[in-house]
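What follows is a set of notes on a single structure, which appears directly below.
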There are 2 protein chains.
Amino acid sequence: MFVIVTYDIVEGKPLNRTRKILKKYLTWTQNSVFEGEITDSKLHKCMSEIESIIDKKMDSIYVYEIKNPKNIEKKLYGVHKSFDEMFL
Amino acid sequence: MFVIVTYDIVEGKPLNRTRKILKKYLTWTQNSVFEGEITDSKLHKCMSEIESIIDKKMDSIYVYEIKNPKNIEKKLYGVHKSFDEMFL
């Protein structure tokens, strides 16, 4: 399936670690958004890793699962940014 | 159709104005994410308003259009936040 993951995590180690985990499984799109094709089991593993890190009283992560990627169309307005120029 | 809009806009007036425009048409989900049901014509109007405000060399906005909302499932990990507690 195709997923879009958006996160709102307090600045600090958990934020950096969450970005690293998401980068293992998905493709960075923008500031706090990752996306990509992923299997159920890998998504489960990814989210388990993240859940062990985040503060569930402060942080939030939304996962939008789209069953058929044919049903989704993505449009960009403005500039394309790369992960490396943002975080490295 | 159902849309997810994510933005990465430099702090300042254009960011606040973009949030206000998106709030007219969609529902705020998280830090820099809005979502909701919208018609083609309203989405076009919304994005025209935003394009006239943002700096296309610095800012970026992604619009994910999902044709059939039945194809999308949303999961929250962590805490639910409200627009008002974030920005008012």
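Observations on the structure shown:
- ³J(HN,Hα), Karplus 6.51/-1.76/1.60, whole Hz, each residue of region A:46-59, x for Gly, Pro: 4, 6, 5, 4, 5, 4, 6, 9, 6, 8, 5, 8, 10, 9
- For a modelled paramagnetic label at A:Lys24, 7 Å from Cα along Cα-to-Cβ, the residues of region A:51-75 in reach, with backbone nitrogen under 19 Å, are A:51-55, A:61-63.
- What the Cα atoms of the protein assembly as shown give is an Rg and a Dmax of 15.6, 43 Å.
- Share of pairwise Cα separations in chain B, more than 22 Å, in percent: 27 percent
Every number here is computed from the coordinates shown, using simple stated rules; none is lab data. These numbers come from a predicted model, not from an experiment. Neighbour counts run over all protein chains shown; Cβ positions are idealised from the backbone, glycine included.
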